[in-house]
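Trainee: This is the structure I want to talk about, given as structure tokens.
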């Protein structure tokens, strides 16, 4: 038994982040300012795009919402997305005034099934919102072909997929928009935070404006030592801007992103080797030409397992090891059932996976002993 509880998804925080945050506090500039601009620049360099194609915001949910608003979606417009995702994906569609249309998933990758997408397109469809689940890239060639054929926008939900690549192209750069999360459990963190990137600089300029009330100039531009600048409200926006305090963390998290990716890859490979003989459906290793972000290590308990999924969750907790569930299928939730009439039987793959899946710790902050404790606990319960 461990002496301390192993928190699921606990981030790796170094002195560099702490010192940068302290310097930000001492500067007395806490809101959107020079460090947000520095973070956007570094993120753009990582993605191989220009800073004019980026906009830092306060969450991936905000990034998704703003992207859809910038696509000029209207009531009655439909957005096709996956039935296996966090509720934020679907909620952002609703908040944008559109109608979410979930479809089932590929059982191997747990990503949206392009054949199901093609079957769901109607004259009201305006966009496809794929989620690179756990960091495994979606079949973007197939999805982009559907989008071109029907003149649809593509908004990539890259909450799990900062490091993900699809045949040499970085996740978030394949569609019209890419939306990223820096939430505390993600591969790189700012506590809360997100980023929007886009091919079209006019659209990202609108995203940036919408993120701060629709103003023509942000606070840094108005109050910096370059002199006061008047602003105008150009459209009704939101309060979605990122703070310099958040960016101060992100600057150094981004600098260690590749190093931490290698650590998570090592943990992933240890798990794959350790669990191959257990009654588990293991996650798919990346196919040739694909780069996995290794954000989640999610297994599914098979019918031959000696205990149920929920019993396994409780037993791991009793052994002081945190776990997660990613996710119950979207149609399982009462709100969506009541509002849209979705039925779980219409999404058999997502439903089955959602009822049997468990995510094990895979943070770069884990020590080798932590990983061994996870392996030993899983094998004790299922071996």
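Quick note: the coordinates plus some simple rules give every number you see, no bench work behind them. Quick caveat: nothing in here was measured; it's all calculated off a predicted structure. Cβ coordinates were reconstructed from backbone atoms using ideal geometry, including for glycine residues, and neighbour counts include every protein chain displayed.
Trainee: Could you tell me whether the stretch 1-75 comes out rounded, prolate or oblate from its Cα gyration tensor? Rule is a ≥ b ≥ c as square roots of the eigenvalues, rounded for a/c under 1.5, then prolate if a/b exceeds b/c, otherwise oblate.
Mentor: It is oblate, given that a/c is not under 1.5 and a/b is not larger than b/c.
Trainee: OK, next. Could you check which residue among 75, 137, 286 shows the biggest mean-square fluctuation in a GNM of the chain with a 10 Å Cα cutoff?
Mentor: 75
Trainee: To the nearest Å, what is the center-to-center distance of the stretch 3-49 and the stretch 242-315, using C-alpha atoms only?
Mentor: Value for the Cα centre distance between the two parts: 23 Å.
Trainee: Then there's this: Would you mind computing Rg(Cα) / (2.2 N^0.38 Å) for the stretch 257-382, counting N as its residues?
Mentor: 1.15
Trainee: Please check which bits of the stretch 1-24 a label hung off residue 185 would reach, taking the label as a point 7 Å along Cα-to-C-beta and the cut-off as backbone N under 20 Å.
Mentor: Answer for the stretch 1-24: 5-13.
Trainee: Then there is this: Let me know the shape class of the chain, please: from the alpha-carbon gyration tensor, a ≥ b ≥ c as square roots of the eigenvalues, rounded when a/c is under 1.5, otherwise prolate if a/b is greater than b/c, or oblate.
Mentor: oblate
Trainee: Kindly state, to the nearest 0.05, the FRET efficiency for residue 307 paired with residue 335, given R0 = 35 Å and r defined as their beta-carbon distance.
Mentor: With R0 = 35 Å, the Cβ-Cβ based efficiency is 0.70.
Trainee: Still on this structure, please answer the following. Measure off 7 Å from each Cα along the Cα-to-Cβ vector at residue 281 and residue 352, then give the distance between these two points in nanometres to one decimal.
Mentor: 0.5 nm
Trainee: Testing the spin-label approximation: label points 7 Å from Cα along Cα→Cβ at residue 235 and residue 142. State their distance in nm.
Mentor: 3.4 nm
Trainee: Continuing with this model, one more query. Could you let me know the centre-to-centre spacing of the stretch 331-355 and the stretch 122-177, using Cα atoms, in angstrom?
Mentor: If you average the Cα positions of each part, the centres end up 23 Å apart.
Trainee: How do 24-31, 202-209 rank on mean C-beta neighbours within 10 Å, highest first?
Mentor: In descending order of packing, they fall as 202-209, 24-31.
Trainee: Sticking with this structure for a sec: When each pair of different Cα atoms in the stretch 308-355 is counted once in the 1/r mean, what is the Kirkwood radius in angstroms, to one decimal?
Mentor: Hydrodynamic radius (Kirkwood, Cα pairs) of the stretch 308-355 is 12.0 Å.
Trainee: Give me the tail of P(r) for the stretch 230-312 as a percent: Cα-Cα pairs with distance above 20 Å.
Mentor: 60 percent
Trainee: Springs between alpha-carbon pairs under 10 angstrom, Gaussian network model over the chain: which of 265, 314, 12 fluctuates most?
Mentor: 314
Trainee: Counting only Cα atoms, I'd like the Rg/Rh figure for the stretch 1-137, Kirkwood definition for Rh.
Mentor: We get a ratio of 1.07 for the stretch 1-137.
Trainee: Place the peptides 168-175, 287-294 in order of packing, highest mean first, counting for every residue the other Cβ atoms within 10 Å and averaging per peptide.
Mentor: The packing order, highest mean first, is 168-175, 287-294.
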